[in-house]
Every structure is written in structure tokens, then in C-alpha cells.
Amino acid sequence: MKMRSAILILILTLALAGCGVGRVGAPPAVFDLGLDARPAPQLPAREPIALTFSAVPALSGTGVIWRVGDSAAPQSYATYRWASSPSDLVRQRLLERLSRQGPVLADRANGQTPQVQVYLSQFEQVFTPDGSASEGRVLLQAVLLNGRAVVGQLRIATRAPAPTQDAAGGVAALRQATDDAADQLAQWLATQPKAAARPAG
């Protein structure tokens, strides 16, 4: 079984890598997350918050990352790229979504503004071992600070099925998973009464 799985992974890797035969010198196809046009959850308005955002180093490039199963090494499509790094794209999506409930300030605006720290640790297309299906996976960790005090923390893991088993399908799935993660973050902040509170002193 292990040998069979290894062969399937090798075949899928060669197929997805897009060696570029016949496309030497052709510019890569470029994707982004599109407009934030999906209806957002109806949530109460809130006071301003500051957003700080960071990500694992692998998400600072523009490669469209995929892997076969949970244990396989991550790969990047050869002829497809993100318009900006996944870190930048997800950060911008969170800014857009959270701004619907109230102002979102850049980074550490001042010590009096509640701050949500977000860390992006996964943003990739994951295939089943036989390559018949895949899904976009997004993993975030969020910590809410009021001054120096930790008010709350949340782990957000979202998955969305890819409509096609290629880069375009992976992008569509990651767009859905990112929007779901942004909605969950907005809903969580709406449940934190101290998110808009001023720190004592």
C-alpha cells in the first residue's frame, strides 16, 4: 500500500507541477481573492480596533501552494502565481471584512486601542492521495488584547471543496475558506464585550 501511495503521489506531483512544456517563456497565470462581494453576517457595530497580522515564512512568496495529503511536502504550481503573497491577500480580506462592523486601524495605532493579533499558518490546496478531490485549507490563530491583557484567543480552521482539481479550483476553494475564516473572526469579535473597552489607567 505504501508503494502504491508513493506512486500515486509521484504521478499527481508531475501532473500538477505543470512542467511548462510548450509554454517556455510564457508568463504565469496570476490569481487573487477577488472582490469581497459576499454578504457579511449581520453583526453589531463596534468601536475601533487595531489589527496586527503575521504569517509563516512559506506564505510570504507568491506561489500557489498545494500538497497531497496531510504528510506530503508542500509544492507550488510552476505556471500559476498569486498577485501578492498569501499573507498580504488574507490580511487585506480581513481588513475589508472587519471594517464592515467598525474602523480597523493599521497595526499598533496606540496603546488605548484594543488589538487583535492574527497569525496565518496554513493557506494551501490539499489533495486526496488519489488526486480525485481537493480542498482549500486556511488556518488562523487570533489573540485579542486590551492594553497588555489577553482578553481572548481563537483558532480558526476552515476548509472548502475545490470545484476542479487544478490551480483555478484551488484558488476558488481558498477564496471560500478565507471568507469563511473572516466571517468567523468577525463573529468572534462581536462576542467579546471588552473588544471595545478602554484599558484601565
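Couple of notes before you dig in:
- Cβ-Cβ distances below 6 Å connect no pair with a first residue in region 108-124 that is open to solvent by less than 10 Å² (accessible area, probe 1.4 Å), a second residue that is modelled with pLDDT under 95 and assigned to a loop (DSSP other than H, G, I, E, B), and a separation of six or more residues or different chains.
- Hey, residue 130 acidic (Asp, Glu) and either assigned to a strand (DSSP E or B) or surrounded by 15 or more Cβ atoms within 10 Å (Cβ to Cβ) (or both) or not: no
This table checks each residue for (1) out of contact with any Phe, Trp or Tyr (no Cβ under 7 Å at 6 or more places or on another chain); (2) free of Cβ contacts under 8 Å to residues at least 40 places away in the same chain; (3) part of a loop (DSSP other than H, G, I, E, B).
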position: 73; (1), (2), (3): yes, yes, yes
position: 81; (1), (2), (3): yes, no, no
position: 93; (1), (2), (3): yes, no, no
position: 102; (1), (2), (3): yes, no, yes
position: 155; (1), (2), (3): yes, yes, no
position: 159; (1), (2), (3): yes, yes, no
position: 169; (1), (2), (3): yes, no, no
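- Within region 154-192, considering residues that are farther than 18 Å from residue 91 by Cα and at pLDDT below 95, the one surrounded by the fewest Cβ atoms within 10 Å (Cβ to Cβ): 191
- Residue within region 49-57 that is touching a Gly at 6+ places or on another chain (Cβ under 8 Å), open to solvent by less than 60 Å² (accessible area, probe 1.4 Å) and more than 21 Å from residue 157 (Cα to Cα) present: yes
- Residue, nearest to residue 86 (Cα to Cα), within region 17-37, restricted to residues that are at pLDDT below 80 and open to solvent by 90 Å² or more (accessible area, probe 1.4 Å): 19
The values are calculated or read from the model by the stated rules, or taken from the named source; none is laboratory data. Remember, predicted model here, so these are calculated numbers, not experimental data. Here the Cβ is made from the backbone with ideal geometry for all residues, glycine too, and neighbour counts use every protein chain on show. Surface accessibility is based on the protein's heavy atoms, side chains included, excluding ligands, DNA and RNA. Shrake-Rupley method; radii C 1.70, N 1.55, O 1.52, S 1.80 Å.
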